[in-house]
């Protein structure tokens with residue numbers, strides 16, 4: 001026989017029981033290591049849990065639901081972060097474009113690049129974004145990924161080779 005919890009009691013119970021799981025998944029997925037960004041994503045995850053509390057009361061795997069939601073919240077945060085970085089970088093580049101032809105060429109090359117990048121795995125895309133969009137050093141990337149700067153350099157070399165092969169095959 002299932003226990004029947006009030007919304008508040010159930011929420012408090014899952015928050016207490018699964019907070020660490022949500023925090024760890026957020027830290028694993030999020031590019032940013034700042035406490036504010038991590039806290040924000042954890043809070044957003046539990047806000048989604050509160051909004052779906054009736055569903056969760058009947059869900060067979062509450063922990064799984066929360067972890068997947070935490071991952072999705074962090075990935076959405078990463079996309080927004082990278083879009084902001086990309087906007088900053090592109091505005092610098094767009095400032096240098098003087099005529100319409102150059103602008104059209106830039107837009108076309110960006111959409112072609114996005115097609116190539118879509119061939120990367122999640123880990124490869126994360127490395128690419130950290131190295132080439134956020135423009136972080138190997139040391140900074142190593143801290144985020146939990147690997148040495150030399151490992152970052154090796155992975156980036158393999159990634160560059162893979163991108164070159166994809167580019168050549170799509171020509």
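We did not get these values from a lab; they are worked out from the coordinates using the rules stated. Just so it is clear, the structure is predicted and the values come from calculations on it, not from any experiment. When we count neighbours, we look across all protein chains shown, and the Cβ atoms used for this are built from the backbone with ideal geometry, even at glycine.
Values of log10 I(q)/I(0) for the stretch 1-77 across q = 0.12, 0.26, 0.27 Å⁻¹ run -0.31, -1.20, -1.28, by the Debye formula with one identical scatterer at each alpha carbon and no solvent. What the Kirkwood sum gives for the stretch 127-168 is a hydrodynamic radius of 10.4 Å, with every pair of different alpha carbons counted. Extension gain, residue 151-residue 8: 0.36 nm per intervening residue step, less the Cα-Cα distance, totals 46.8 nm.
In this rough spin-label picture, where each label sits 7 Å from Cα along the Cβ direction, the residue 167-residue 47 distance is 4.0 nm.
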